[in-house]
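Take a look at the structure below.
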Amino acid sequence: MSKRNPHIDSSRLRSLLDGVNAFGFNPQTGGFNRVGYGPADMAVRAWFMEEMRKDGLTVRRDGVANIFGRFGPADGPSVLVGSHLDTVPEGGAFDGVLGVCVALECVRAMRDAGIEPAMAVEVVATAEEEGRFGGMLGSQAIAGVATAAWVDAATDAGGTRLVEAMHDCGLDPRGTLGAARAPGSVRAFLELHIEQGPVLEDRGIPIGIVHTVAGVVNLTVRLAGAANHSGTTPMHMRADALAGLAAVAHAVPHVLQRHGHDNSRITIGKADIHPNFIHTVPGKAEFVVNIRDTDDAVIRALEQAMRAVVADAAEANRLEYAIDEHSRMAPVALDPDLIGLLHQEADRLGVASLDMPSGAGHDAQTMQTLCPSALLFVPSRGGVSHAPDEWTDWEDIEKGAALVLAALVRLVGES
Ligand SMILES: [Zn+2]
């Protein structure tokens, strides 16, 4: 068979994306609701498996509901390409789903061009990436880093246990551990994703090639003073927990100025005061300090500085304090050879690309523990994500898809 150059069929890709987004759409808000292991998430997985089956791929679902469609040799190692199909509540039309649809479009393009890969390509849609139960469960299961203890303990915000949710979907929670792929059986993982930030749009560059995924530390801080009447308690005799919280928040820019770099972020995104009543001085405050950077040493310096800030704020406001590490994920450097290959292919295609970090977590960082992994970004209009306003121009999507296709063809070779 004479081989042609494979090319992305943009309208076919669009209708595949529309097909996925028919699941979980809320016409009232314009948002998409395919929360991990919910009915719409499970239904879209069944639908996508059927689509891949119609394309002649060998389709399977593993113990955590990751789905795979294999193209090429039935045996031997493979290159995985894809992202996730689940969404946050009221999410957008591109986050995750775009990478899965681009992956299948690449396989369709290879097939149409008569390419018979020497090594198999597996399209993958991972499970529970968005964090109903903590996030990246599907890729952690593939990489063999999920543990039975974690699976048993995980619950969602409404108190539903992961094991119950999996049972309700007809999944055996013990299947999580069985989903691990043998080291060496996966030669590479490629993920295309929306940037979810404003950098590419701001720079007018259609493609980001991620070198490092930022690490994150979450510190839960509890401040305890004395709740008392807001009218009768003189200002100088108060132990106001909100005043302590405010002092901590006020110090954030100073900490960043002294210890941070371009990629440093500190956020207090969740806070509660108690009793949270108009006429009462807040006796307790609980909040989470979220610290991110691409360099572990910087994260530790920022963390140490924020711990000192909390101690000072507590002392100045006559408060007791406690700081607990809620969670920690180290920064992950993605595979330098794959990154190099992507830059080369982008140059060959004549597409501008930016070497950049990712501030958000992605499946690629988990997959890097199993195999060489790479992450490509396409621009997010206005930097918006996790919302119905999420948008990426199709012109940029076509460039990103063409780059994934070129990289895949090089990675799997032709037989
Ligand atoms: Zn995502």
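The values are calculated or read from the model by the stated rules, or taken from the named source; none is laboratory data. This one's a predicted model, so the numbers in the text were calculated from it and none came from an experiment. We place every Cβ from the backbone using ideal geometry, glycine too, and count neighbours over all the protein chains shown.
Listed here are the residues, each with its yes/no results for (1) over 25 Å from Arg265 (Cβ atoms); (2) away from the ligand (no atom under 13 Å from the Cβ).
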site: Gly340; (1), (2): yes, yes
site: Leu354; (1), (2): no, yes
site: Asp363; (1), (2): no, no
site: Met367; (1), (2): no, yes
site: Asp389; (1), (2): no, yes
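Against the test of being assigned by TED's automatic domain parsing to the domain that holds Leu338 and in a helix (DSSP H, G or I), the options Ala109, Ala65 yield a single qualifying residue, Ala109. Among the candidates Gly56, Gly30, Gly19, Gly63, the residue that is modelled with pLDDT under 95 and over 21 Å from His362 (Cβ atoms) is uniquely Gly63.
Condition test on Ala125, is it within 29 Å of Val102 (Cα to Cα), in a strand (DSSP E or B) and either among the aliphatic types (A, V, I, L, M) or not assigned by TED's automatic domain parsing to the domain that holds Val102 (or both)? Show your work before the answer.
Numbers: within 29 Å of Val102 (Cα to Cα): yes; in a strand (DSSP E or B): yes; either among the aliphatic types (A, V, I, L, M) or not assigned by TED's automatic domain parsing to the domain that holds Val102 (or both): yes.
For Ala125, the condition - within 29 Å of Val102 (Cα to Cα), in a strand (DSSP E or B) and either among the aliphatic types (A, V, I, L, M) or not assigned by TED's automatic domain parsing to the domain that holds Val102 (or both) - is met.
Pairing each residue of the stretch 25-44 that is in a strand (DSSP E or B) with any residue that is among the small types (Gly, Ala, Ser), provided the two are 6+ apart or on different chains, yields C-beta distances under 8 Å for Phe25/Gly31; Gly31/Gly91; Gly31/Gly92; Gly31/Ala387; Phe32/Gly24; Phe32/Gly91; Phe32/Gly92; Phe32/Ala93.
When the stretch 82-121 is filtered for residues that are farther than 15 Å from Asp18 by Cβ, of a type in the set (Val, Ile, Thr) and more than 12 Å from the ligand (Cβ to nearest atom), the ones remaining, listed by number, are Val107, Ile115, Val121. Summed over the stretch 152-183, the residues that are under 30 Å from Met356 (Cβ atoms) and more than 21 Å from the chain's Cα centre (by Cα) give a count of 1. Summed over the stretch 23-40, residues that are loosely packed, with under 15 Cβ neighbours inside 10 Å and under 23 Å from Asp396 (Cα atoms) total 1. Applying the criterion of being surrounded by fewer than 24 Cβ atoms within 10 Å (Cβ to Cβ), hydrophobic (A, V, I, L, M, F, W, C) and part of a strand (DSSP E or B) to the residues of the stretch 68-81, the residue that is nearest to the ligand (Cβ to nearest atom) is Phe68.
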